[in-house]
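Please read the structure below before turning to the comments.
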Amino acid sequence: MSDSVIPPTPSRLDYTEDELYKIQAERNAVPIFHRDDPIKLFGEWMADARHLEMNDSNAMSLATVDASGQADVRIVLLKSFDDAGFVFYSNGESAKGDQLNANAHAALCFHWKSLRRQVRIRGTAEKVNAAESDAYFASRARGSQIGAAASDQSRPLESREVFERRVRDLTETYKEKNIPRPPHWGGWRIKPDVIEFWRDRPFRLHDRLVFTANKGKWRKERLFP
Ligand SMILES: Cc1cc2nc3c(=O)[nH]c(=O)nc-3n(C[C@H](O)[C@H](O)[C@H](O)COP(=O)(O)O)c2cc1C
């Protein structure tokens, strides 16, 4: 069964004759190993991804660990990044919220298929301050603000109808009023300790460049693929 749905292992022809692959390979041969600022390099890769990905170029896997040491992972959207870290927004009472409260160590992973690139980030999560969360919440579409207020994210929902009724009730309550940010909804910033850039090269001879935070500076090394 799985043979019919798993793509075949690339052949020599896929690497050497496929037009799209050749364009991607050329892009992934541009030198990066002299680069010293991983945040700047990340920004350039994000810009490439925004241009080429079909949708959600800012989607990233967020891995967390619960109080018993069990790992969990899900996709969230990156909303900003700079030297201080990588920010996403969610419900603080969700499974991920509980897990980050129990253990602030977290990891992020981006995979851009259009670029054949991956970025992995390991670090520590801290809550974004209230003013920053308020500003982001205020920038969202009204429907998304209501959705955030209506959702007890990650807890059991008896029926779709219960959720839709809540959305209708909140829409009525806040008719012609600003919708306040729910106190349990906000941002987390992952402060990076390690950032790894991976890019596809033909015949699985991939490039890996890893930056490790070291006394306020970035130490850089190449890894075997
Ligand atoms: C493309 C994509 C983007 C998503 N973005 C977010 C997000 O930014 N914040 C969020 O809370 N959930 C987001 N989700 C939903 C999460 O993957 C997840 O279902 C939800 O946050 C509950 O996770 P938890 O039970 O582990 O807390 C997104 C899902 C997908 C597929």
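Key figures
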| quantity | calculated |
| --- | --- |
| Test set (1) surrounded by 16 or more Cβ atoms within 10 Å (Cβ to Cβ); (2) within 17 Å of W198 (Cβ to Cβ); (3) not hydrophobic (A, V, I, L, M, F, W, C) - P31 fails condition number | (1) |
| Residue that is surrounded by the most Cβ atoms within 10 Å (Cβ to Cβ), among those in the stretch 47-59 that are within 14 Å of the chain's Cα centre (by Cα) and without any contact (Cβ under 8 Å) to a residue 60 or more places away in the chain | S57 |
| Matching option when the condition is more than 14 Å from the chain's Cα centre (by Cα) and more than 24 Å from A125 (Cα to Cα), among D18, D83, D37 | D18 |
| Among (1) closer than 20 Å to I39 by Cα; (2) of a type in the set (G, A, S); (3) near the ligand (Cβ under 9 Å from one of its atoms) - the single one S80 does not satisfy | (3) |
| Any pair with Cβ under 9 angstrom, 6 or more apart, that starts in the stretch 165-176 at a residue that is β-branched (V, I, T) and ends at one that is surrounded by 12 or more Cβ atoms within 10 Å (Cβ to Cβ) and part of a helix (DSSP H, G or I) | V167/I146; V167/G147; V167/A149; V167/A150; T171/I146 |
| Residue among E93, E132, E126 that alone is farther than 29 Å from D48 by Cα and modelled with pLDDT of 95 or more | E93 |
| Checking K96 against (1) surrounded by fewer than 19 Cβ atoms within 10 Å (Cβ to Cβ); (2) within 13 Å of the ligand (Cβ to nearest atom); (3) not hydroxyl-bearing (S, T, Y), the condition it does not meet | (1) |
| Residue ranges of helices (runs of 4 or more DSSP H) in the stretch 124-225 with at least 2 members closer than 30 Å to L41 by Cα and of a type in the set (F, W, Y) | 130-139 |
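One line per residue, one yes/no per condition, for (1) under 30 Å from I23 (Cβ atoms); (2) within 23 Å of the chain's Cα centre (by Cα); (3) among the polar types (S, T, N, Q):
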| residue | (1), (2), (3) |
| --- | --- |
| K113 | yes, yes, no |
| A135 | no, yes, no |
| D152 | no, yes, no |
| P156 | no, no, no |
| T171 | no, no, yes |
| R208 | yes, yes, no |
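The values are calculated or read from the model by the stated rules, or taken from the named source; none is laboratory data. Predicted model, so just to flag it, every value in this text is computed and none were measured. Every residue, glycine as well, gets a Cβ built from its backbone with ideal geometry; the counts of neighbours run over all protein chains shown.
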